[in-house]
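Bear in mind these aren't lab numbers, they're just calculated from the coordinates by the rules spelled out. Predicted model only: the values in this text are computed from it and were never measured. FYI the Cβ positions are ideal-geometry reconstructions off the backbone, even for glycines, and counts take in every protein chain you see.
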Amino acid sequence: MTIKELLVESARVKTQTAHELSDKAESAALAIVASLQKGGKLMLCGNGGSAGDSQHLAAEFVATLDHRNPRDGLAAIALTTDTSLITAFSNDFGFEGIYDRQVQTLGKSGDVLIALSTSGNSENVLRAAKVAREKQITVIAMTGDAGGKLAEAADILLNVPSDKTMHIQEAHIALGHAITASVETHLGYL
């Protein structure tokens, strides 16, 4: 494919995402607002590019979406950033438990978990979502296609209509920015 074709396909996926997932994304924003207003926090996790997206979106919540509109920080943490914990736990117990251990330890009822997996089948993300549900933590799953196994563990499924990893991740960031803006609006910052 040419660069132009890739960009056009990316735009098509994001346009279709806007038409199909805007209402669900607004529900996700409202769930985050409700949690934050009650002293809860947002946790995010994923692997590879989705780990990077987790960190990116957590930073938008804690810092601000737009530096020209400063605001109070919003409680968010990417479960992808503690390399000492991740390497120690995966060395001793396996990589599949690196996120569910953190959700079990750091999460509390009323929090929100955004679980990112383009396939919807990442075992460590799926396990985190299952633990979150057990702890009455709202699970927002950001996936592609039909959502994979993560679809069943989600309270809100944001399944980007594509099977191409790069386009799914591009739409995940667009959705994450839109959700952050909606949260800021509902909290009176925009």
Checklist entry - So what's the gap between the Cα centers of segment 5-57 and segment 118-140, to the nearest angstrom? => result 15
Next on the checklist: If I model a spin label at E123 and A59 as a point 7 Å from the Cα along the Cα→Cβ vector, what separation in nanometres do I get?
Outcome noted: 3.1
Next on the checklist: Can you tell me which lysines have their Cα less than 20 Å from the Cα of K14? Leave out same-chain residues fewer than eight positions away.
Outcome noted: K4, K24, K164
Next on the checklist: Along its three principal axes, how long is segment 110-190 when you only count alpha carbons? Whole Å, largest extent first please.
Outcome noted: 37, 32, 16
Item to check | Magnitude of the charge dipole, the chain, Cβ model with Lys/Arg +1 and Asp/Glu -1, debye to 20 | outcome: 260
Checklist entry - Of the listed peptides 180-189, 112-121, 88-97, what is their order by residue-averaged count of other C-beta atoms within 10 Å, with the highest listed first? => result 112-121, 180-189, 88-97
Item to check | Rounded to 5, percent antiparallel among DSSP beta bridges of the chain | outcome: 0
Checklist outcome for this item: segment 3-186: relative contact order from alpha carbon pairs under 8 Å, six or more residues apart, as a whole percent, is 26
Checklist outcome for this item: Each label sits 7 Å from Cα toward the beta-carbon; between Q37 and L187 the label points are separated, in nm, by 1.3
Checklist outcome for this item: Taking the convex hull of the alpha-carbon atoms of the chain and averaging its shadow over every direction gives an area in square nanometres of 10.9
Next on the checklist: Full-extension gain between M166 and R68, please, as 0.36 nm times their residue separation minus the C-alpha to C-alpha distance.
Outcome noted: 32.3 nm
Next on the checklist: Calculate the FRET efficiency for T81 and K24 from the Cβ-Cβ distance with a Förster distance of 35 Å, rounded to the nearest 0.05.
Outcome noted: 0.85
Checklist outcome for this item: Env charge @ T180, Cβ radius under 15 Å, K,R +1 / D,E -1, value -3
Checklist entry - Fully extended, how many nm does the chain gain between F93 and A146 (0.36 nm per residue separation, minus their Cα-Cα distance)? => result 16.0 nm
